[in-house]
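Notes for the one structure printed next.
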Amino acid sequence: MIAKLQELAESKPKEGQDKFYNRIRNAGIIWNHKRIERVYKLMGLNKRKRGRKRLPARVKAPLIIPMQANDTWSMDFMHDTLMNGRKFRVLNIIDDFNREALRIEPYFSIGSNLVIKILERLVLERGNPKAIRVDNGPEFISSALSEWCLEKGIKLVYIQPGKPMQNGYIERFNRSYRQDVLDANLFESIAQARILSDEFLEDYNLHRPHESLGNLSPINYRLKSCG
């Protein structure tokens, strides 16, 4: 009985003693209601704390090379600190097809609404991607972002928790950005971080050779592919 009640408590944390009793009866197990009540209380299940919300199961999505621009974008956050100790975050967005950096956006605070505004501007410039790959951060699992993507016909592809290499294209980009910008500079202001990020983005897209792109820059690779 204890094992069965524990199983129900873990799989159905929002249900209580009466629901458990009826589930057990419907499964064909004839246990006395008062006995179930006594064991339920002895196990402390009547004092269960509110559980954390659980993520839906994430399925491993192969990291394939898209066939064209705007097939799949990837997004991720990075963190750093100004010289005065104030923390800031950076939202990076790339196109997986040619590893082109679409946005590098430093802000002191970036919630789901700001993520959507940044994506809105990007969609106006480039059109809708078919999919956007993200991790399970709170800004990305928000209902606001999910609803916006649904409205735009964009598929949100979530990586499995603790599996950053399922978002390997932007992880590699992040390493380059951290090495060349975040770790290489002391920032006096968020404005300075934005200027240096913009300079990095321009050089990365126009001039930086990528072995995986035949030593072409992202922009030159895209132009060659379109031609």
Within region 205-225, residues hydrophobic (A, V, I, L, M, F, W, C) and either free of Cβ contacts under 8 Å to residues at least 40 places away in the same chain or on the phi > 0 side of the Ramachandran plot (or both) come out as Leu206, Leu216, Leu223
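Residue-wise test of (1) modelled with pLDDT under 65; (2) within 30 Å of Ser197 (Cα to Cα); (3) open to solvent by 80 Å² or more (accessible area, probe 1.4 Å).
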| position | (1), (2), (3) |
| --- | --- |
| Glu10 | no, no, yes |
| Tyr40 | no, no, no |
| Arg50 | yes, no, yes |
| Met67 | no, yes, yes |
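State which residue is modelled with the highest pLDDT when the search covers only region 132-144 and only residues that are part of a strand (DSSP E or B) and open to solvent by less than 10 Å² (accessible area, probe 1.4 Å).
Looking only at region 132-144, we keep the residues that are part of a strand (DSSP E or B), and these are 132-134.
Those left that are additionally open to solvent by less than 10 Å² (accessible area, probe 1.4 Å): 132, 134.
Working: Ile132: 95, Val134: 91.
Looking at residues that are part of a strand (DSSP E or B) and open to solvent by less than 10 Å² (accessible area, probe 1.4 Å), I get Ile132.
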Taking the stated definitions as given, is Phe108 open to solvent by 10 Å² or more (accessible area, probe 1.4 Å), touching a residue at least 40 places away in the same chain (Cβ under 8 Å), out of contact with any Phe, Trp or Tyr (no Cβ under 8 Å at 6 or more places or on another chain) and of a type in the set (A, V, I, L, M, F, W, C)?
no
Return only the number of the condition from (1) at pLDDT below 95; (2) in a helix (DSSP H, G or I); (3) among the aliphatic types (A, V, I, L, M) that Leu124 does not satisfy.
(1)
Exclusive hit being among the hydroxyl-bearing types (Ser, Thr, Tyr), in contact with a helix residue (DSSP H, G or I) (Cβ under 7 Å, 6 or more places away or on another chain), open to solvent by less than 80 Å² (accessible area, probe 1.4 Å) and touching a residue at least 24 places away in the same chain (Cβ under 8 Å), set Tyr177, Tyr169
Tyr177
When restricted to Glu151, Glu147, Glu188, the only residue open to solvent by 100 Å² or more (accessible area, probe 1.4 Å), over 19 Å from Leu91 (Cα atoms), outside any helix (DSSP H, G or I) and charged (D, E, K, R) is Glu188
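Give me the residue from region 80-105 that is of a type in the set (A, V, I, L, M, F, W, C) and more than 20 Å from Tyr169 (Cα to Cα) and, out of that set, surrounded by the most Cβ atoms within 10 Å (Cβ to Cβ). Full working, then the answer.
First, pick out the residues of region 80-105 that are of a type in the set (A, V, I, L, M, F, W, C): 82-83, 88, 90-91, 93-94, 97, 101-102, 104.
Restricting the remaining residues to those that are more than 20 Å from Tyr169 (Cα to Cα) gives 82-83, 88.
Working: Leu82: 16, Met83: 10, Phe88: 19.
Per the criteria, the residue is Phe88.
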Does Leu124 satisfy the condition of being open to solvent by 70 Å² or more (accessible area, probe 1.4 Å), free of Cβ contacts under 8 Å to residues at least 24 places away in the same chain and aliphatic (A, V, I, L, M)?
yes
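The values are calculated or read from the model by the stated rules, or taken from the named source; none is laboratory data. Remember, predicted model here, so these are calculated numbers, not experimental data. Backbone-built Cβ (ideal geometry, glycine too); neighbour counts: all protein chains shown. With ligands, DNA and RNA removed, areas are computed over all heavy atoms of the protein, side chains included. Shrake-Rupley method; radii C 1.70, N 1.55, O 1.52, S 1.80 Å.
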